[in-house]
Amino acid sequence: MRERIVITGEGIVSAIGNDKAATLTSLREGKSGIGVMQHLQSCHHELPVGEVKLSNTEMKALLGIAASTEISRNTLLGMLAVDQALREGGIQHASGKRILLIAGTTVGGMDITECHFDEMVATGKANPCLLKHDCGSCTGDIATHFGIFCEHTTISTACSSAANALLLGAELLKAGEADIVVAGGMESLTRFHLNGFNSLMILDQEPCRPFDAERAGLNLGEGAAFVVMERETDALERGAAIHAWLSGYGNACDAFHQTASSKNGEGAYLAMKEALETAHLTPLDIDYINAHGTGTPNNDLSEGTALKRIFGERMPPVSSTKGFTGHTTSASGSIETVICILAMQHRFLPANLRWANQIPGGITPTLGENGKTLRHVLCNAFGFGGNDTALILSSRPVDDGEASSSSEDRQAIVAAKVEISSEEELAEIRHYVKPMEARRMGRIMRSALLSSLKVMEQVGISCPDAIITATSLGCLENSEQLLMQLREEGEVMLKPTCFMQSTHNTIGSAIAIHTGCHGYNVTYTQGAQSLEWALRDARRLIRSGKARSVLVGMHDETTPRFRSMMQQLDAEDLHPIHSIAMILTCGE
Amino acid sequence: MEELILELKEQIIKVLNLEEMTPEDIDTEAPLFGEDGLGLDSIDTLELIMLIEKNYGIKLASPAEGKTIFKSVATLADYVSKNRKK
């Protein structure tokens, strides 16, 4: 029998409730959490948001953290959800088990950085908050707070981050690399990404209307959700109540555009197809779909097309619950996973709020229904750059009746390696990339793409089976440029080209777009350990036969300002630019 | 008008980082978007919206409005000359 993965505890905090019970009430009563900004310090009051109805001080009090401690809202949200999940899962101590924390996030400590940025630029003095700017340190702080985790890591694939955290958790459990995984994601609102999304002109000034013909964009939300995952046999052994099975998952890359989804939704289609295959289910087994459904004209059209390609005329009930929570970006995958579990447990279909007008030829979402038995549900989460992930949650185990696909253990070898550590080397990108494609790329993108293309050339492949990227700080140059723009011009339209290349996963997705690679694509960001995590994932893919060639890269850059600040804080010095690209193969 | 056209071409080259191009390389009448023209995409539309807001005080409510305006440098120059606030 295959090793089944179960979920035995959930924690959730979002605009519609500070815990699972409140979330359930809001969902059943059709009560949206989207409204006027209360906590975020932004001038954009015309933009509705899905804020968590707690101040940072209130969250600290709930967590027993001193009010004077400076800690990002993002980390606090994550801690609240992890705390609930651990309590519900009955895990208060490690008791000899290997417990692993996997978090998905993109903003990291940006909410604190943006508060201190002006003062740092004005005085030239570093604020220690910079040491907590990166995503990995948020996860690290959560792990330290609970003190039961033997390892932790962070995935950053923009809006599919949390879904990929769950996917990784399941794989690590199956591979026997952990006994219990607490996986999920968190994202707090920041001025940085609110203004960034605003400059992409995809924010609706009204509460969002996913899948409606008149939809005019998304509303940003915030929150966190984490789940306790373990092998079914272990859960039964310790007498834990099983809330759901994570029976399938798929990760694919649209490889189309940095911010737009392809017309036929190729990445979404491939991710859903793979999720069904790993679950050993057919489209007919799916009783409900929690769509990504952001409410942007592009996403909803593309996702609708992908859904039709999978389900044809026999479309199960579909809804987007972003009309309740807003788009909680990196956290959306786990928040919606918990919503799916609640729907299965309490036998109802969550409503697609505010839907009124049919998209011609598009899907018709459900407006909610009670008394529905849900056996298997599909939960989609898609990110910028086309990092698309689909999960399948089940209220009963899938009886596949087969032995596990016992692929012989393949040994992964590093077939080639290329390193770039100076800006002068970047001019060579001209030999590989047309000026029209290179024109937007900042240093880190050029360095990442150049090192990747050179290493692929060495082993003679034009498209790897999978792309795994590691970065400790991501696209710092663009992030700093946007923060400078906010400082100098105020909350105006930020430069869209810089914003779309400020997420960590923009690196891996640019390589996928260039090479046309639709395969597995994730980005790790866990400080200096990022590369080791990426390599571990690559070896697992090759060992299990899921990929024969994997492109792994670690890419980082720094700016003169950031570098001098980090030196003041005695942090490890960074190269202005540094890329390591490797090809791992099974040696055939 | 010729002056405005040249000015717009220079600004387009700058904001879109068309590094190796000069104003002479951009055909005034040719489509800016799509494969048979300059090959710009949706992010460029946003950059152009920012450009006309910053330099000419023209505000567009949605990228869809830009579709006809940004068809070519000629249509853009025509729209800017009629609607500019600065």
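Just so it is clear, none of the values below were taken in a lab; they were calculated from the coordinates. Treat the numbers as computed from the prediction; the structure is a model and nothing was measured. All Cβ positions, even for glycine, are placed from backbone atoms using ideal geometry, and neighbour counts span all protein chains on display.
Counting other Cβ atoms within 10 Å of each Cβ, which trypsin sites (Lys or Arg not before Pro) in the stretch A:337-395 have at most 13 and sit in a DSSP loop? Intermediate values should be presented prior to the final figure.
Working: sites: A:347, A:354, A:372, A:375; in loops: A:347, A:354, A:372, A:375.
Counting only loop positions with at most 13 other Cβ atoms within 10 Å, the trypsin sites (Lys or Arg not before Pro) in the stretch A:337-395 are A:347.
Separation of the stretch A:56-78 and the stretch A:316-337, taken as the distance between their Cα centroids, equals 25 angstrom.
Rg/Rh for the protein assembly as shown to two decimals, with Rh computed the Kirkwood way over all alpha-carbon pairs.
Values: Rg = 24.0 Å, Rh = 25.2 Å.
Radius of gyration relative to Kirkwood radius: 0.95.
Backbone geometry of the stretch A:39-51 corresponds, through the Karplus equation with coefficients 6.51, -1.76 and 1.60 at θ = phi - 60°, to 3J(HN,Hα) couplings of 9, 5, 8, 9, 7, 7, 6, 6, 9, x, 9, x, 8 Hz, x marking Gly and Pro. Taking amide hydrogens as placed 1.01 Å from N in the peptide plane, the amide H of residue B:40 sits under 5 Å from those of B:33, B:34, each at least 5 positions away in sequence or on another chain.
With a Förster radius of 41 Å applied to the beta-carbon distance between residue B:29 and residue A:488, the computed FRET efficiency rounds to 0.65. Remark: the stretch A:13-24, residue by residue, has Karplus-estimated 3J(HN,Hα) of 9, 7, 4, 9, x, 8, 7, 5, 5, 5, 4, 4 Hz, where x stands for each Gly or Pro and the curve is 6.51 cos²θ - 1.76 cosθ + 1.60 at θ = phi - 60°.
Distant-in-sequence amide contacts of residue A:249, defined by a placed amide H-H separation under 5 Å and a gap of 5 or more residues or a different chain, comprise A:278, A:279, A:392.
Each part gets one Cα centre, and for the stretch A:543-586 versus the stretch A:226-299 those centres are 29 Å apart. Remark: the protein assembly as shown carries a charge dipole of roughly 1340 debye about the Cα centre, counting +1 on each Lys and Arg Cβ and -1 on each Asp and Glu Cβ. Over all directions, the projected convex hull of the C-alpha atoms in the stretch A:1-95 averages 9.4 nm² in area.
Placing +1 at every Lys and Arg Cβ and -1 at every Asp and Glu Cβ, with all other atoms neutral, what dipole size does the stretch A:73-118 have around its Cα centre, in debye to the nearest 20?
On the way: 4 positive and 5 negative charges, 80 e Å.
The calculation lands at about 380 debye.
Extents of the stretch A:262-340, taken as max minus min of Cα coordinates on every principal axis and listed largest first, are 30, 28, 20 Å.
Between the alpha-carbon centres of the stretch A:445-491 and the stretch B:70-86 there is a gap of 35 Å.
Under 5 Å between amide hydrogens, built in the peptide plane, is the criterion, and for residue A:98 it picks out A:179, A:180 among residues at least 5 positions away or on other chains. Cross-link check: pairs A:174/A:273; A:53/B:59; A:273/A:434; A:53/A:372 evaluated at a Cα-Cα cut-off of 27 Å; pairs beyond the cut-off: A:53/B:59; A:273/A:434; A:53/A:372. Name the shape class, rounded, prolate or oblate, that the alpha-carbon gyration tensor gives for the stretch A:280-403, where a ≥ b ≥ c are the square roots of its eigenvalues, rounded holds for a/c under 1.5, and otherwise prolate holds if a/b is larger than b/c and oblate otherwise. Rounded. Which percent of the Cα-Cα distances in the stretch A:500-565 go past 18 Å? Roughly 46 percent, once rounded to a whole number.
Most tightly packed first, judged by the mean number of other beta-carbon atoms within 10 Å of their residues, the peptides B:77-86, A:316-325 read A:316-325, B:77-86. Mean per-residue shielding of peptide B:39-52 is 4, counting Cβ atoms of other chains within 10 Å of each Cβ. Against the compact-protein benchmark of 2.2 N^0.38 Å, the Cα-based radius of gyration of chain B scales to 0.98.
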